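Notes follow the structure.
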Amino acid sequence: MQLLIAGVDEAGRGPLAGPVIAAAVILDAGKVVAGIADSKTLTAERREELSELIRQHAVCWALGRAEVEEIDRLNILQATMLAMSRAVMSLSRAPGLVLVDGNRAPAIEYPVQTVIRGDATVPAISAASILAKVARDAEMRDWDRRYPGYGFSIHKGYPTRAHIDALRERGACPIHRNSFGPVREILEKSRSF
């Protein structure tokens, strides 16, 4: 019997707003999805195409998330580990091994190994990076409609100049991570007036 290997990666550690979303994917060795690569090297359109193929052809896949409140309460590293753990525990099949991108792994009940640059070298982790990025980007587009003026659909919450300028002009909205430096500084300035 084939060892089921789950790849795990996240999207959204660096942004100033929105959740961190992780994905866990167990690929089917008999149904290769051509073109899987690190999500950061793919166009948005190609990520969308591959995301659909991965969802169709994987043995199973799942998403996990940590909300802004959890990020602010726990810190981004612990919130990321929580999102990854939630993704793995939501898989419909139990993995025999979990490979996690990076050098930190969540505490889970399955054997786990970290793989530095795994999103570029391990297809299951690359697939997870694609699913996580596509899911988070779609959510940030939704947030952009709910909180217009910040540009979430463009920068996805990352600390671009346009985002920082919008934060200074408008203040923080409910999906901003108040524990992150640029947001915290703007909140502190607004309280001092």
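Quick one: which residues, 5 or more positions from CYS60 or on another chain, have an amide H under 5 Å from its amide H? H modelled 1.01 Å from N in the peptide plane, none for Pro or chain starts.
Placed amide hydrogens put ILE26 under 5 Å from CYS60.
Considering the Cα trace of the chain, what is its radius of gyration and what is Dmax, both in angstroms?
17.3, 66
Between ARG177 and residues 5 or more places away or on another chain, which pairs have amide H atoms under 5 Å apart, with H built 1.01 Å from N, and which residues are they?
ALA17, GLY18
Full-extension gain between TYR158 and ARG104, please, as 0.36 nm times their residue separation minus the C-alpha to C-alpha distance.
Numbers: separation 54, 0.36 × 54 = 19.44 nm, distance 2.21 nm.
Here the answer is 17.2 nm.
Taking the Cβ-Cβ separation of ARG145 and ARG93 as r and a Förster radius of 35 Å, what is the calculated FRET efficiency to the nearest 0.05?
Working: r = 35 Å, r/R0 = 1.01.
Efficiency computed from Cβ-Cβ geometry: 0.50.
Once you place label points 7 Å from the Cα toward the Cβ at THR114 and ARG55, how far apart are they in nm?
For THR114 paired with ARG55, the spin-label model returns 3.1 nm.
Using the Karplus curve 6.51 cos²θ - 1.76 cosθ + 1.60 with θ = phi - 60°, work out ³J(HN,Hα) for each residue of the stretch 37-45 in order, rounded to whole Hz, and write x for Gly and Pro.
Result, rounded to whole Hz: 8, 3, 4, 5, 8, 9, 6, 4, 5.
Which whole-number percent gives the relative contact order of the chain, counting Cα pairs below 8 Å spaced six or more residues apart?
On the way: 387 pairs, mean separation 57.1, N = 193.
Computed value for the chain: 30 percent relative contact order.
Under the rule of at least 5 residues apart or a separate chain, name every residue whose amide H is placed under 5 Å from the amide H of TYR158.
LEU16
Given the -39500 (n - 2.57) contribution per DSSP H run of 4+ residues, what per-residue ellipticity at 222 nm results for the chain, rounded to the nearest 500 deg cm²/dmol? Could the numbers behind the result be given before it?
Working: 8 runs with 88 residues, N = 193.
My calculation for the chain gives -14000 deg cm²/dmol from helical runs alone.
Taken together, the values in this text are just the output of simple stated rules run on the coordinates, not laboratory data. Everything numeric in this text was worked out from a predicted model, so none of it was measured. Because the Cβ atoms are built from the backbone with ideal geometry, glycine has one as well, and the counts that use them run over all protein chains shown.
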